[in-house]
Structure formats: C-alpha cells, structure tokens
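In what follows, a structure is listed as structure tokens, so that the remarks can point back to it.
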Amino acid sequence: MPPPKLWISLWIIGTFGGSILGTTLAFCIGPLIKPLTYDQFYLQFIIFGACLGLIQWIAALKSIVNGLAWTLATIVASVLTLAALVYANSHQFIAPILDYYNLGCLSNSCDSYKLHETWFMGTAVIVIIISLSTALPTGIVLLRYSSRIYMWVLGIVIASAAGILAYVAYAVSFRGILADLFYIALLGPLIIAIISAPFAYITLQKPAKLRH
C-alpha cells in the first residue's frame, strides 16, 4: 500500500468521486424508466453502487482487492440499503425525524423543518440499516484480505452516523430541493469519505492469509 496520507487521500478521492459520478448517472438514467416505479430507484441504486465501487477500486484498492468482487459488493450494499429502508418505512419501523411546517405565508421561504420528538430513534434505526446493509457485502469481500474487519465495520457505523446526523442538522438549517441535492451529491459523500478513510486504511494494514 502507498504511504498512509497518500492512500487516505486516494480513498477520499475515489469515494467522493465515485459518489458524484454515481449520483449524476443515477439521476440521468433512472428517470428513463416509464412509468416511474420502484424499479427506477433500484436501477439508480445499482448505478450508484457500481460507480462508487469501481472508482474506489481504481483510485485506492486496485492492488489490494479483486475489482469485480468489490464492485459487486458495493452494488449489493446499495440495493440492500434501499430494500431495507423501503421495508422498514412501510412497516413503520422508522420513527419520525423531521416535522415540516409553514409559518402561514404562501412563499416557499416560509417552509421549514424542526426535529420531531422521536428524531433520535428514527436516526438510530436508519444508521443501523445503512451500516448493516453496507458492512455485510463489503465485509465479506474484505475478510479475504484483512484480519481487522472489525475496524471496517466500526468505520462504517461511525461514517453512517455522522452522515445521517449531519443531514438532520443540515435539513433543519437549510431547506429546498437544491439544498437537499447539494447535501446528497456533494456534502454528504464528502463527510462519509473523510471519516471512513482512516478506518479503511487500518483495516487493510493487517492482511489476512489468503485461502486458495
């Protein structure tokens, strides 16, 4: 592996760049499905996962893990995340997080959000869903290459929690479609990339003995 600072920088670039490319292509290709159904969202998540995994591999993992296995793992993680969130939401397992309200004027500038009293429970459930959905398929791949898989799982949990909590705080302060797109496409992926980077590096510092 390259020196720590260089590899961590490559991981951040790969994760951030893959997220931007995946989000852009997902928003461009997904709506082509007519009529709009859940199939559109699953296609978008497949595209996102494929772009994320491929760019991560090219930037930081090319000499470490199998590219096809890693890309398939990130695709599975993306689809699992969507399926689990849809299931949990449809069965009301996710408590309300934000309340929408309008002060009474007709302008969109009056639209706002405030924290619901159950925001912590709702956030915790989402973090658990995202963490498990991501850690399972990617962890299976990394088990072949690392004996510190627990650091990868810990990093995913911390990065997921930071990303969701940051969005909750962001949504209370900023509103509108453009603000949401800015967080989803840029700020959120950057936060997750930066926080996950040292955990990914530590995970891959102690290789496991390959099983042939």
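The values are calculated or read from the model by the stated rules, or taken from the named source; none is laboratory data. Model, not experiment: these values are computed from the prediction. Here the Cβ positions follow ideal geometry from the backbone for every residue, glycine too, while neighbour counts run over all protein chains shown.
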Next on the checklist: For segment 115-140: of the residues being under 18 Å from Leu85 (Cα atoms) and over 18 Å from the mean Cα position of the chain (by Cα), which is surrounded by the fewest Cβ atoms within 10 Å (Cβ to Cβ)?
Outcome noted: Thr118
Checklist outcome for this item: Expected single match for surrounded by fewer than 16 Cβ atoms within 10 Å (Cβ to Cβ) and more than 23 Å from Lys62 (Cα to Cα) among Leu143, Leu181 is Leu181
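Mind listing whichever residues of segment 146-162 are surrounded by fewer than 21 Cβ atoms within 10 Å (Cβ to Cβ) and either in contact (Cβ under 8 Å) with a residue 40 or more places away in the chain or touching a helix residue (DSSP H, G or I) at 6+ places or on another chain (Cβ under 6 Å) (or both)?
The answer is Ser147, Arg148, Ile149, Met151, Val153, Leu154, Val157, Ile158, Ala161, Ala162.
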Checklist entry - Out of segment 88-116, which residues are modelled with pLDDT under 70 and among the hydrophobic types (A, V, I, L, M, F, W, C)? => result Leu103, Cys105, Leu106, Cys110
Next on the checklist: For segment 200-207, check the following and say yes or no: at least one residue is in contact with a strand residue (DSSP E or B) (Cβ under 9 Å, 6 or more places away or on another chain), in contact (Cβ under 8 Å) with a residue 24 or more places away in the chain and outside any helix (DSSP H, G or I).
Outcome noted: no
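Table: residues versus (1) exposed (fewer than 15 other Cβ atoms within 10 Å of the Cβ); (2) over 20 Å from Ser131 (Cα atoms); (3) of a type in the set (A, V, I, L, M, F, W, C); (4) at pLDDT 95 or above.
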site: Met1; (1), (2), (3), (4): yes, yes, yes, no
site: Thr15; (1), (2), (3), (4): no, no, no, yes
site: Gly18; (1), (2), (3), (4): no, no, no, yes
site: Cys51; (1), (2), (3), (4): no, no, yes, yes
site: Ile64; (1), (2), (3), (4): no, yes, yes, no
site: Trp70; (1), (2), (3), (4): no, no, yes, yes
site: Val86; (1), (2), (3), (4): yes, no, yes, no
